[in-house]
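**Q** Here it is: the structure, laid out below.
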Amino acid sequence: MSPSGDVSSGESLTLQAVAERVGGRLRGPASLSVSGVAPLDQAGPGQLAFFASKRYAKHLGVSRASAYLVGADLEEILDAGSPRVVVDAPHEALRVLLTHFHPEVPRRADVHPTVVMGRGVRLGEGVRIEPYAVLGEGVTIGDGTHVGAHCVLGAHTSVGPRTVLHPHVVTYARSVIGSDVILHAGARIGSDGFGYTTVQGTHRKMPQVGRAVIEDGVEIGANSTIDRGSLGDTVVGRGAKIDNLVQIAHNVRVGAATMIAALVGIAGSTRIGSGAWLGGRACAANHLEIGDGARVTFGSTVLRDVPAQETVSGYPARPHREQLRTQALAGRLPRLAERVGRLEAAVASLEAK
Amino acid sequence: MSPSGDVSSGESLTLQAVAERVGGRLRGPASLSVSGVAPLDQAGPGQLAFFASKRYAKHLGVSRASAYLVGADLEEILDAGSPRVVVDAPHEALRVLLTHFHPEVPRRADVHPTVVMGRGVRLGEGVRIEPYAVLGEGVTIGDGTHVGAHCVLGAHTSVGPRTVLHPHVVTYARSVIGSDVILHAGARIGSDGFGYTTVQGTHRKMPQVGRAVIEDGVEIGANSTIDRGSLGDTVVGRGAKIDNLVQIAHNVRVGAATMIAALVGIAGSTRIGSGAWLGGRACAANHLEIGDGARVTFGSTVLRDVPAQETVSGYPARPHREQLRTQALAGRLPRLAERVGRLEAAVASLEAK
Amino acid sequence: MSPSGDVSSGESLTLQAVAERVGGRLRGPASLSVSGVAPLDQAGPGQLAFFASKRYAKHLGVSRASAYLVGADLEEILDAGSPRVVVDAPHEALRVLLTHFHPEVPRRADVHPTVVMGRGVRLGEGVRIEPYAVLGEGVTIGDGTHVGAHCVLGAHTSVGPRTVLHPHVVTYARSVIGSDVILHAGARIGSDGFGYTTVQGTHRKMPQVGRAVIEDGVEIGANSTIDRGSLGDTVVGRGAKIDNLVQIAHNVRVGAATMIAALVGIAGSTRIGSGAWLGGRACAANHLEIGDGARVTFGSTVLRDVPAQETVSGYPARPHREQLRTQALAGRLPRLAERVGRLEAAVASLEAK
């Protein structure tokens, strides 16, 4: 039993085969065999070293790799004699090779005898459910879906096909999880939003009756929390990717293919367009609109709407160039203050004449 | 079995009955029947649309609602002919109606046969404990309390009556949880504080021997962490509300009815008064005093004491008005620098005369 | 059964014995007996009050303690007649006394019958595994290690001797946990990093094939997440201490004895030296170098490399003194703007002459 899945080891490839798989240009012995890819400073004999950033050129001297997977812009830095496969998009090439060298271990369909299921649970074909999972009344699980150990799915949760729930995921009642979704350990889907009315200093809980809807192809990181909607739904759109320890509050809408890095917090009812990017530890206040393709840089705090395609940064977040200019001037404030002091002296002296 | 609870559906109400329940003014057919409340842009026939913010007036054109629950200040925006119930406090009215339309499913008292209990566990009347919960030695559970699937309660944890622990809550030994408390999935109560003494570069763990005390009526969000006290106790006061992914460090005191939004971090020994508000992703350094009724705006970083009733914002947090003025001036720095440049030229020219 | 451990109560000590244990100077009756240590404002008769910060001197008036454990620099503040033990390093003395008064309850070696184990699991001597833990294929557990209730250890996870996993820890496959490690409730070790290649607007998942390596003597707080490496490993170095809700991204290296407080986020591939300190809610962008002994103050955002031994603060983080100067000048901006206005008037008047 392999509760959290694992990676097995694929077969070796010749450099010729590597070049064909990634659409790259081969320089070196076509029949040289490599058994895997490794970082530049860790690759040993028989391995392909991955070289995609000038930053790591310093490790070239110590590399014991048999060959290199290198971006076209960095090829010149390599020793002339080093065997290599040259590509324009090295990260995509790396993805292709890792998928070959580390194929997923197929998970055997199986429902462990310790799984507790409520009335009316429906399981698709080829489902795997690991020890101690608890499925509430009316839960449905799609074909080929994997439910990790200790997951607790609230009543009437619906999970689509080919989805992977890592161990310890919890969904609240009526959550909707699409197909080809990945939820990492400790993700909480559909928890109550932070909603109260305050009457004479006492906070009364607003019933949270909407749903959390996670569309197809979404991935959500470890220990992230996605609240249910208060009245309507909270929606994470198709193909969006969310990192660890992220908070998505009630009624937020995250557009398709938007990426949200770790420790980001999105407050209630804010809407983020599609194809947007929020860097790590960024946050956005409630009831805002962040447009399609907008970018919020690492650590920034969004307090106003962000137009589509705009890049914003800082506290409060403003257009990135403006933020950089303000920061630079702030650094020169001591000199500006001195200049004003000198002017005051000069004017006083002129006035005294 | 419904591991995470659920909401059932209450009976339809006439507009007349709606107006009576919420103390509102009826405009329209008294006998019109509505079966629920929905957001303005999602409400359909037979539903009451909730309209409490001008921001959403743009959705009025597309609304297919049968009637409206509307704040007195927004009534004029509605079409003259739209049936409505007009109220002064629309969110409190919404709370009352949702409590009617979505009554809580009563949870049947039951201790699942898979629950593991240590010696000396005492359970009150009408307790429900879901599959795979583990209760350590000497744990006590009050009447009518619900312990979700997979909760692990450390030895001698005490939980009051009518409290709800959602699945996957963990308490460390000797935690004290009051009555009418709600702890969401993944909340960790009483974990060790971050305390060490450093001797010649090695960090030695300070035993954390205080308790975490969660008073009556508190709600704590998903995956939040409340450390135990190091020597004394960490206390979350009566009726305080804490959102998801919040960190409350050792020996912190949170006053009664204080609200703390998501991703907030309160460092060790800081004391927050009663009725305070900390916006999302705010944080406060250690050993500070934040007074009664103080407000810390979204994303702010508190590095100094905050007087009672004060609103602070920014990094470092300062009085909100001052922060806004400083931000505005920072935005005008380029112009100020230009003005100083022009003055220098003018003074040079005057001096040359 | 005590799923989360507990503390038992050690024997009383005479003041003479206290002074000997902590290497302190005794002032008062050598035979006076104390049964424990408590905070200044909570200590009662028979207890030793801990007094190590001038901040709490205000509580001296109400203290009912029988004696004091006091730092040498604060001794004068005490009433001349108060029995006391005076020490140079009061926190280290406190640690010694708490270790005496609150000895750890010995955990009986035992593997609960509900534990599920895959093929090839190897358990050392004196191991304790609590209810419902799930150990994947090929997991190894060192001598005297404690695995809390509901832990799920992915296939081929290796855990060293004398390590404590609190309840609800999850490790992904092939994680490596050293000896004398403490992992708190809800910690996730080896989760996938946030890695994708984007082809025509679609994000393709990069296989995450590296490991998470937690070296000897590390402590990791509740609900923290440590991603596995993408190609190489993510490493938390020997004796490092990490607080609650911290995110360590793929391929990060945390040096030996470095301390990272709550809610910190370290983005991918950043390397932190040894003996560094990151205050609560600080964060660091990806691919940075933070040197040995560097300090990042509470709430700061690191966007550039930090040299060894440097202290940085603010957004963006800059040397601490520079940051303080800039902040002070920002506060004086309104006055600077006024001075420029007066200069303009004076120059205009001079020019008019």
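**Q** In peptide B:31-44, what is the residue-averaged number of other protein chain Cβ atoms found within 10 Å of each Cβ?
**A** 2
**Q** Further, regarding this structure: Under the definition of partner shielding as Cβ atoms of other protein chains within 10 Å of a residue Cβ, what is the mean value for peptide C:254-267?
**A** The mean count of partner-chain Cβ atoms within 10 Å per residue comes to 5.
**Q** Roughly how crowded by other chains is peptide A:115-124, in terms of the mean Cβ count from those chains within 10 Å of each of its Cβ atoms?
**A** 2
**Q** For n ≥ 4 DSSP H runs only, could you compute -39500 (n - 2.57) per run for chain B, divide by its residues and tell me the 222 nm figure to the nearest 500?
**A** Calculated mean residue ellipticity at 222 nm is -4500 deg cm²/dmol.
**Q** Picking from C:A337, C:A308, C:A285, which is most flexible by a Gaussian network model of chain C using Cα springs under 10 Å?
**A** The residue with the greatest mean-square fluctuation here is C:A337.
**Q** Follow-up. Calculate, for B:R64 and C:R204, the FRET efficiency according to 1/(1 + (r/R0)^6) with r their C-beta to C-beta distance and R0 25 Å; round to the nearest 0.05.
**A** The calculated FRET efficiency here is 0.05.
**Q** Obtain the nm distance between the two label points defined at A:D110 and A:D292 by a simple spin-label model: each point lies 7 Å from its Cα along the Cα-to-C-beta direction.
**A** Going from the A:D110 label point to the A:D292 one covers 4.7 nm.
**Q** Describe numerically, in nm with one decimal, the distance between label points set 7 Å from Cα along Cα→Cβ at B:I77 and at B:A30.
**A** Result for the modelled spin labels: 3.0 nm.
**Q** Given an 8 Å cut-off on Cα distances and at least 6 residues of separation, report the relative contact order of the range C:184-233 as a percent.
**A** Averaging sequence separation for qualifying contacts and normalising by length gives 53 percent for the range C:184-233.
**Q** Moving on to the next point. In straight Cα distance, which lysines are under 25 Å from B:K241, not counting same-chain residues fewer than 8 positions off?
**A** A:K205
**Q** Return one quarter of the surface area of the convex hull spanned by the alpha-carbon atoms of the range B:13-101, equal to its mean projected area, in nm².
**A** Mean projected area for the range B:13-101: 4.7 nm², to one decimal.
**Q** Which of A:H150, B:H250, C:H59 has the fewest other C-beta atoms within 10 Å, and how do the rest follow up to the most?
**A** Arranged by neighbour count, lowest to highest, A:H150, B:H250, C:H59 become C:H59, B:H250, A:H150.
**Q** Let me ask another. What is the Rg over Rh value, at two decimals, for chain C, using alpha-carbon atoms and the Kirkwood definition of Rh?
**A** Computed over Cα atoms, the ratio is 1.12.
**Q** Cβ neighbours within 10 Å, averaged per peptide: list C:170-181, A:30-41 in order, most packed at the top. Please list the in-between numbers first.
**A** Numbers: C:170-181: 25.2, A:30-41: 18.3.
Highest to lowest by the protection proxy: C:170-181, A:30-41.
**Q** Given a Förster distance of 56 angstrom, what is the FRET efficiency for B:Y196 paired with A:E322, based on the Cβ-Cβ distance and rounded to 0.05? Walk me through the numbers before you get to the answer.
**A** On the way: r = 43 Å, r/R0 = 0.76.
Efficiency, rounded to the nearest 0.05: 0.85.
**Q** Okay, moving on. Below 8 Å between Cα atoms, with a sequence gap of 6+, how large is the relative contact order for chain C in percent?
**A** 7
**Q** Roughly what would the spin-label model give for C:R332 and B:R21, points 7 Å off Cα along C-beta, in nm?
**A** 6.2
**Q** Can you give the FRET efficiency for B:R342 and A:A308, using 1/(1 + (r/R0)^6), R0 = 45 Å, r = Cβ-Cβ distance, to the nearest 0.05?
**A** With R0 = 45 Å, the Cβ-Cβ based efficiency is 0.75.
Each reported figure results from applying straightforward, stated rules to the coordinates on display, with no laboratory input. What you are looking at is a predicted structure, and each value in this text was computed from that prediction instead of being measured. Neighbour counts are summed over all protein chains in view; Cβ atoms, including those assigned to glycine, are modelled from backbone coordinates with ideal geometry.
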